[in-house]
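Chemist: There's a structure below that I have some questions on.
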Amino acid sequence: MKKILFFFILLVNLFSYSQKQIFESPQLSKTIKLHKVIAILPFKVKISYKKQPKNFDAEANKELEISRSKSIQSSMYTFLLRKRESYTVEFQDVEKTNILLKKAGISDKLDEMTKDEVAKVLGVDAILGGTYEAEQTKTEAGAIVSAVLFGGLGGKTGSDSLTLTLNNGADGELLWRFYKTMSQNLMSSTDDIVDSMMRKVSRNFPYTK
């Protein structure tokens with residue numbers, strides 16, 4: 001019985017780790033040939049809990065979401081910059097992106113603007129944006145117990161999902177969408193999870209030479 005449960009958990013973990021969806025517009029390959037500079041927007045971040053922890057502070061959670069929004073934007077930029085020789089475009093420095101958004105007074109109003117309007121403000125050919133959602137489903141203590149019982153496979157503490165969208169700057173049309181889910185493991189930091197996601201994104205990125 002224990003062996004059956006062991007393999008069942010293994011299959012569940014493998015399945016949850018590999019979920020991925022990609023959309024490509026019929027106009028993608030033709031349109032991206034015209035692109036030279038891409039801007040990466042701050043990510044929309046949502047952090048939730050399957051069971052709300054004691055002493056939950058909604059304001060602190062909101063601050064964490066805002067902080068992680070810029071952190072993931074920066075991580076994406078750094079990752080793509082390290083591999084810039086592999087791509088046909090340049091990426092606008094995210095500090096410049098955020099300064100231009102702030103000067104235009106739209107840093108906190110991106111949901112109220114079309115992607116072509118944002119691209120015009122930033123002076124870029126396309127907009128790369130995204131959503132990052134993290135749900136904490138198990139406490140670390142619970143994960144440790146599961147890991148001991150099931151030989152390390154039960155150390156899952158939550159799940160993450162990353163959605164990336166690429167919109168054409170001229171008309172705001174959606175050209176490409178990437179969706180990936182992953183499991184948060186006991187020994188995985190947020191940096192580990194994001195880095196793994198970036199590697200998956202890189203292998204499916206439209207501007208790869």
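Chemist: Rounded to the nearest 0.05, what FRET efficiency do Asp116 and Leu64 give with R0 = 30 Å and r taken as the Cβ-Cβ distance? Could you check? Write down the numbers at each step before the final one.
Modeler: Details: r = 31 Å, r/R0 = 1.04.
With R0 = 30 Å, the Cβ-Cβ based efficiency is 0.45.
Chemist: Sticking with this one: How large a share of the accessible area of the range 47-94, in percent, is made up of carbon and sulfur atoms when the probe is 1.4 Å and the other protein chains stay in place?
Modeler: Roughly 46 percent of what the probe reaches on the range 47-94 is carbon or sulfur.
Chemist: Can you check what the Kirkwood hydrodynamic radius comes to for the range 25-91, Cα pairs only, in Å to one decimal?
Modeler: Across the range 25-91, the inverse of the average 1/r is 14.8 Å.
Chemist: Can you give the three extents of the C-alpha atoms in the range 17-136 along their principal axes, from longest to shortest, in whole Å?
Modeler: So the three principal-axis extents are 52, 39, 27 Å.
Chemist: Write down the accessible area per residue of the range 32-100 in Å², having rolled a 1.4 Å probe over the full set of protein chains.
Modeler: Numbers: 4480 Å² over 69 residues.
Each residue of the range 32-100 exposes 65 Å² on average to a 1.4 Å probe.
The values are calculated or read from the model by the stated rules, or taken from the named source; none is laboratory data. Quick caveat, the model's predicted, so the values are computed rather than measured. Methodologically, a virtual Cβ is constructed for each residue, glycine included, from the backbone with ideal geometry; neighbour enumeration extends over all protein chains shown. The protein model used for the area step is the full one, side chains on, heavy atoms only, and it has no ligands, DNA or RNA in it. Shrake-Rupley method; radii C 1.70, N 1.55, O 1.52, S 1.80 Å.
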